[in-house]
Amino acid sequence: MAESEVKKDCEVIDLEDAMGALITSENYIIVDIGANLTNKKFTRDLDSVVSRARDAGVRKIMVTGITVQSSKDALRLTRLFPETLYSTAGVHPHEAKSWDDETEEALRELAANHEVVAIGECGLDFNRNFSPQDVQLEVFEKQVSLACELRKPLFVHERDAHKEVLEVLGKYKGRLPAVVIHCFTGDATQATAYLKEGCYIGLTGYVWKDKSEDGVRRILEDGVVPLDRLLVETDSPFMYPNTRASKLPPYVKETLTERSLTFLHRYCTFQRNEPCSLPVTIEMIAAYMKKKSEQVALQTTFNALKVFGLST
């Protein structure tokens, strides 16, 4: 057995020893690394949303910042739910055009708070191009540089800009902190390239929807993404996992537990997904990977704690 395989086996065993006491027969322990809880859809009942998430086994949630103001709002929420909510600070590529002379210093000040565990959501979106591509590139690189300076993980959004994201990251090779490709929806070649550069892959309930020949489902089935580089997220209120879809294979549907489906169908809709839906995504991923859902939950939680420095 190769040294890397021995190390990986030992890591999993140590993980089970360290966190085994947290696992119950009824529940998972999961970290949602991306939820847009500053979205106005959560204004009226955020207490209930967070409570349901915890009841479902989602013990920690990272609230995503996409502008300076939403990053401030996300930080404020972490103070309302300490040790449960954490946040990111960044400017989304859609909002890159809003960057001004004060933005970088504002993000630096936000990142000085221990609750802010990553720089982002930042990156490139050449699909919608809500901001000019040259502006997106400039703003993304500034945030990559800031993450390197502060040694904070990068939370990266990428759509139709895989090559360009890698080019920007490549300029900082050897200096980069942990990099998470948030809400990955690409193909096997792209996933492999990101993994080669040391990135982590974040997956959402989108796994129900993808049916391309070499997309997310195939990546999981073929073992392209190793479990120790995988993270899970809801991207709430978006990315609702539609478990009733005809395109979802029967063998995946059969693995979904009644408990997880109850949280999904009782509290979540296409219009408003919630963090409490994350157990269903864990179970779908596990089915595609042909692994136990408890193992996927445990390892992705360990990955999140390690990458973002979250407390247990």
request  = Could you quote the convex hull projected area for the stretch 135-181, Cα atoms only and averaged over all directions, in nm²?
outcome  = 2.9 nm²
message = Using 10 Å bins from zero, what percent of all Cα-Cα pairs in the stretch 229-292 falls into each bin?
response = 22, 56, 21, 0
message = Under 8 Å for C-alpha pairs, at least 6 residues apart: give me the relative contact order for the chain, rounded to a whole percent.
response = 18 percent
Share of alpha-carbon pairs per 10 Å distance bin for the stretch 189-300, given as whole % = 15, 50, 31, 5, 0
query = To the nearest 20 debye, what charge dipole does the stretch 228-312 have about its Cα centre, counting +1 at the Cβ of each Lys and Arg and -1 at the Cβ of each Asp and Glu?
reply = 160 debye
query = Cα centroids of the stretch 150-207 and the stretch 277-312: how far apart, whole angstrom?
reply = 19 Å
task = Would you please classify the overall shape of the stretch 121-243 from the alpha carbon gyration tensor, given that a ≥ b ≥ c denote the square roots of the eigenvalues, rounded means a/c under 1.5, and beyond that prolate means a/b larger than b/c while oblate covers the rest?
result = prolate
inquiry  = Tell me which of Ala304, Ser236, Ala89 sits at the most positive position along the dipole axis of the chain, charges placed on C-beta atoms (Lys, Arg +1; Asp, Glu -1).
reply    = Ser236
Global size of the stretch 84-173 as Cα Rg and Dmax, reported in angstrom = 12.4, 37
ask   = Do you know the relative contact order of the stretch 109-200, to the nearest whole percent, from alpha carbon pairs under 8 angstrom that are 6+ apart?
value = 28 percent
inquiry  = Let me spell out the model: positive unit charges on the Cβ of Lys and Arg, negative unit charges on the Cβ of Asp and Glu, origin at the Cα centre of the chain. What dipole size does that give, in debye rounded to 20?
reply    = 740 debye
remark   = Amide H contacts under 5 Å for Gly34, restricted to residues at least 5 apart in sequence or on another chain and with H modeled in the peptide plane, are Met62, Thr234, Asp235
query = Looking at the square roots a ≥ b ≥ c of the eigenvalues of the Cα gyration tensor of the chain, which shape do they give, rounded for a/c under 1.5, prolate if a/b is larger than b/c, or oblate?
reply = rounded
task = Output the relative contact order of the stretch 23-140, whole-number percent, from Cα pairs under 8 angstrom with separation of 6+ residues.
result = 23 percent
Structure-based [θ]222 nm, the chain - -39500 (n - 2.57) summed over DSSP H runs of at least 4, per residue, nearest 500 = -13000 deg cm²/dmol
key: Under Karplus coefficients 6.51, -1.76 and 1.60, residue-wise ³J(HN,Hα) of the stretch 204-214 in Hz, glycine/proline x   = 10, x, 4, 4, 6, 8, 5, 9, 6, 5, 10
ask   = Across the stretch 79-96, in residue order, what do the Karplus-derived ³J(HN,Hα) couplings come to in whole Hz, using 6.51 cos²θ - 1.76 cosθ + 1.60 with θ = phi - 60° and x for Gly and Pro?
value = 6, 7, 10, x, 6, 10, 9, 10, 9, 10, 9, x, 10, 5, x, 4, 9, 4
key: Backbone HN-Hα couplings from phi across the stretch 146-154 [Karplus 6.51/-1.76/1.60, Hz, Gly and Pro as x]   = 5, 4, 5, 5, 8, 6, 9, x, 9
inquiry  = Charges at C-beta only: +1 for Lys and Arg, -1 for Asp and Glu. How large is the resulting dipole of the stretch 169-237 about its Cα centre, in Debye rounded to 20?
reply    = 320 debye
query = Structure shown: which of Lys40/Lys171; Lys72/Lys171; Lys196/Lys291; Lys163/Lys253; Lys97/Lys163; Lys173/Lys306 lie over 25 Å apart, alpha-carbon to alpha-carbon?
reply = Lys40/Lys171; Lys72/Lys171; Lys163/Lys253
ask   = Once fully extended, how much extra length lies between Arg272 and Tyr172, figured as 0.36 nm per residue of separation less the alpha-carbon to alpha-carbon distance?
value = 32.3 nm
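Coordinate-derived values only; no laboratory data. Bear in mind the structure is a predicted one, so any value in this text is a computation, not a measurement. Virtual Cβ from ideal backbone geometry, glycine too; neighbours counted across all protein chains shown.
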